[in-house]
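Below you'll find the structure, written out as structure tokens, and then a few comments.
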């Protein structure tokens with residue numbers, strides 16, 4: 001983990017440490033971890049959120065569509081992609097927003113989702129071919 005932070009440029013490292021502090025404050029029972037080559041915060045053996053630093057932004061993962069939709073007004077103007085919210089280095093999220101995002105993520109993880117019924121596989125007709133024997 002230390003090597004990850006030391007490899008970042010100074011301004012990115014500073015922004016990511018701020019984000020990390022806010023994530024840890026939002027989930028004090030979480031344990032620091034490292035997965036997918038980036039830092040994460042775990043509860044038990046399950047990662048809750050990941051955070052990473054890049055040249056011009058820091059990111060928070062996984063922020064699913066329902067989480068983003070629930071906090072859409074606060075996230076307006078930020079670059080988002082599937083599962084990711086990117087925060088420019090000069091516009092880091094407030095501790096309050098991070099807490100809301102992490103709380104939403106926890107709620108999502110603890111939801112009991114009904115299993116989807118399996119689709120019946122179509123029956124395929126087998127054709128039997130007579131084996132050719134060479135004599």
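The values are calculated or read from the model by the stated rules, or taken from the named source; none is laboratory data. Owing to the predicted nature of the structure, the values given are computational and were not obtained by experimental measurement. Here the Cβ is made from the backbone with ideal geometry for all residues, glycine too, and neighbour counts use every protein chain on show.
A few comments on the model shown:
- Applying the criterion of being in a loop (DSSP other than H, G, I, E, B) and modelled with pLDDT of 90 or more to the residues of region 77-115, the residue that is farthest from residue 12 (Cα to Cα) is 94.
- Put simply, of 52, 26, 56 the only residue that is buried (at least 18 other Cβ atoms within 10 Å of the Cβ), in contact with a helix residue (DSSP H, G or I) (Cβ under 9 Å, 6 or more places away or on another chain) and closer than 23 Å to residue 7 by Cβ is 52.
- Hey, residue 12 in contact (Cβ under 8 Å) with a residue 12 or more places away in the chain, under 20 Å from residue 107 (Cβ atoms) and crowded, with 17+ Cβ neighbours inside 10 Å or not: no
- Residue match in region 121-132 (condition: at pLDDT below 95 and under 35 Å from the mean Cα position of the chain (by Cα)): yes
- Boolean, residue 118 is modelled with pLDDT under 90, outside any strand (DSSP E or B) and surrounded by fewer than 17 Cβ atoms within 10 Å (Cβ to Cβ): yes
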